[in-house]
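The values are calculated or read from the model by the stated rules, or taken from the named source; none is laboratory data. Here the structure is a predicted model, which means the values were calculated and not measured. As a convention, Cβ positions derive from the backbone with ideal geometry for all residues, glycine included, and neighbour counts pool all protein chains shown.
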């Protein structure tokens, strides 16, 4: 099942409901910045390269800030979100479903939660089992990269039983949670992920201060 299209809809609705100047979990970004990022990453090659190659990051940041700056009014912001919701342009590689899935499944989930959880009151969404499984499958493909900066072994564990060794080391910590919560932790939203830890106290303390994510 292809989950990206409905995930795009949920993200667009979440952005619209929040408005252009709401907080997000992305450091330094309001919702208008996040919307600009989402729109440009699939329509502007310079921005896309800036997300992958450090040498292009300054140009990427400049383009994102410029578009965000033009999108501060409710009308301009609503148009920006509507343009994002419409999907990539006709000749974009992201029109290929497999590439769309690999590029956007996790991206859209995490950014939806970046908006939802940047408030004092939030609750985790009840996710369809197939959707959770898809998030888990994508997470375990990327987990080694996301935890590369942690000087510990990392084992990801779902409450239903499946587990994945993301990184091996003499001392390990197990991180327990639903796939969506594990995703949030792995992408550096460690203070907003509903997970628990199993391991030596000093190892758990080290993980809680480590740099996690991209």
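Quick check on segment 96-107. Is at least one of its residues surrounded by fewer than 14 Cβ atoms within 10 Å (Cβ to Cβ) and part of a loop (DSSP other than H, G, I, E, B)?
yes
Might you let me know whether segment 137-145 holds any residue that is under 22 Å from residue 187 (Cβ atoms), touching a residue at least 40 places away in the same chain (Cβ under 8 Å) and buried (at least 20 other Cβ atoms within 10 Å of the Cβ)?
Looking for residues that are under 22 Å from residue 187 (Cβ atoms), touching a residue at least 40 places away in the same chain (Cβ under 8 Å) and buried (at least 20 other Cβ atoms within 10 Å of the Cβ), one finds at least one in segment 137-145, hence yes.
Run residue 161 past the list (1) at pLDDT 95 or above; (2) over 13 Å from the mean Cα position of the chain (by Cα) and report the number of the one that doesn't hold.
(1)
When residue 199 is evaluated against the numbered criteria (1) on the phi < 0 side of the Ramachandran plot; (2) modelled with pLDDT of 95 or more, which criterion, by number, is the only one it fails?
Status for residue 199: all satisfied but (1).
Kindly indicate which of 105, 94 is farther than 18 Å from residue 10 by Cα and either in contact (Cβ under 8 Å) with a residue 24 or more places away in the chain or touching a helix residue (DSSP H, G or I) at 6+ places or on another chain (Cβ under 7 Å) (or both). Steps first, please.
Values: 105 fails: farther than 18 Å from residue 10 by Cα.
Being farther than 18 Å from residue 10 by Cα and either in contact (Cβ under 8 Å) with a residue 24 or more places away in the chain or touching a helix residue (DSSP H, G or I) at 6+ places or on another chain (Cβ under 7 Å) (or both) holds for just one of 105, 94, which is 94.
Could you list, in sequence order, all residues of segment 4-28 that are part of a loop (DSSP other than H, G, I, E, B) and surrounded by fewer than 21 Cβ atoms within 10 Å (Cβ to Cβ)? Talk me through it step by step, then tell me what you get.
Let us first name the residues in segment 4-28 that are part of a loop (DSSP other than H, G, I, E, B), namely 19-22, 24-28.
Within segment 4-28, 19, 21, 22, 25, 26, 27, 28 qualify.
Residue 82: closer than 27 Å to residue 125 by Cβ, exposed (fewer than 14 other Cβ atoms within 10 Å of the Cβ), under 15 Å from the mean Cα position of the chain (by Cα) and at pLDDT 85 or above, yes or no?
Against the criterion (closer than 27 Å to residue 125 by Cβ, exposed (fewer than 14 other Cβ atoms within 10 Å of the Cβ), under 15 Å from the mean Cα position of the chain (by Cα) and at pLDDT 85 or above), residue 82 does not qualify.
Just to be sure before I move on: is residue 182 within 18 Å of residue 106 (Cα to Cα), touching a helix residue (DSSP H, G or I) at 6+ places or on another chain (Cβ under 8 Å) and not in a helix (DSSP H, G or I) in the structure I sent?
For residue 182, the condition - within 18 Å of residue 106 (Cα to Cα), touching a helix residue (DSSP H, G or I) at 6+ places or on another chain (Cβ under 8 Å) and not in a helix (DSSP H, G or I) - is not met.
Within segment 108-136, count every residue that is under 18 Å from residue 15 (Cα atoms) and surrounded by fewer than 18 Cβ atoms within 10 Å (Cβ to Cβ). Step through it out loud before you land on a result.
Our first condition is that a residue be under 18 Å from residue 15 (Cα atoms); within segment 108-136, this holds for 108-125.
Next, from what is left, pick out any that are surrounded by fewer than 18 Cβ atoms within 10 Å (Cβ to Cβ): 119-125.
Total meeting the criteria: 7.
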